[in-house]
Amino acid sequence: MGENPLEAICITIGRISMAVQTNLSKLIKIPQKPTNVQISVSPPTPTASMLAADSYPPHSTDTNTKQAGPVTREELGRATWTFIHTLGAQYQEKPTRQQKKDVKELMAILSRIYPCKECADHFKEVLSSNPVQAGSQTEFSQWLCRVHNVVNRSLGKPTFPCEQVDARWGKLDCEHRMCDLQGTMTPFDKY
């Protein structure tokens, strides 16, 4: 690494930022000039992991149209669960002490600053009854599934069979391992 001790941190933050931006842009289609007219959004091509999610509610009631405007509470919830389940799928099988600490802190932070106060307060309750389990990728992804099911039950939504969590939320499919923080050279490695 270079002489600057912050270089590794900057590279990691750059990689995380790129992965989050890439994946969120796939989930949320935002028009260049926001209007109050309906815009057409092409539905995603079904993948094996999407097909395994039959018991989960669809990502919207109509995947072909999206009303331009602020994100709804439901859209925010789906995007948040997508993010944290993807994080769980990418989590290390043998995480460092710092990675375990970071993921536990992330869950605590979400329960404090989540944009929906009612949701944040409920998540605090869920966390107090279900402390974060992050000793391995399997443990963390299973914990996320169980916690997501707790939330779904409280909302009267269907639960997901946790034995299928890997089929639904498997590793990201990224070109040149750009999403893999332990992967090969990326454009960020040059900076």
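One table, with the values for the structure above:
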read-out: GLN133 being over 16 Å from TRP81 (Cα atoms), of a type in the set (S, T, N, Q), part of a loop (DSSP other than H, G, I, E, B) and modelled with pLDDT under 95; value: no
read-out: Condition check for VAL71: within 25 Å of ALA167 (Cβ to Cβ), out of contact with any His (no Cβ under 8 Å at 6 or more places or on another chain), of a type in the set (A, V, I, L, M, F, W, C) and touching a residue at least 12 places away in the same chain (Cβ under 8 Å); value: no
read-out: Qualifying residues in segment 79-103 (those that are outside any helix (DSSP H, G or I) and charged (D, E, K, R)) - the one surrounded by the most Cβ atoms within 10 Å (Cβ to Cβ); value: GLU93
read-out: Pairs where the first residue, in segment 150-161, is touching a residue at least 40 places away in the same chain (Cβ under 8 Å) and assigned to a loop (DSSP other than H, G, I, E, B) and the second is of a type outside the set (Phe, Trp, Tyr) and surrounded by 15 or more Cβ atoms within 10 Å (Cβ to Cβ), C-beta under 6 Å, 6+ apart; value: THR159/ASN149; THR159/ASN152
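Residue-by-condition table, conditions (1) of a type in the set (A, V, I, L, M, F, W, C); (2) farther than 18 Å from ARG78 by Cα; (3) surrounded by fewer than 14 Cβ atoms within 10 Å (Cβ to Cβ):
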position	(1), (2), (3)
GLU105	no, yes, yes
LYS117	no, no, yes
PHE123	yes, no, no
GLY135	no, yes, yes
LEU144	yes, no, no
GLY156	no, no, yes
PHE160	yes, no, no
ASP173	no, yes, yes
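The values are calculated or read from the model by the stated rules, or taken from the named source; none is laboratory data. Quantities reported herein were computed from a predicted structural model and do not represent experimental measurements. Cβ: placed from backbone, ideal geometry, glycine included. Neighbour counts: every protein chain shown.
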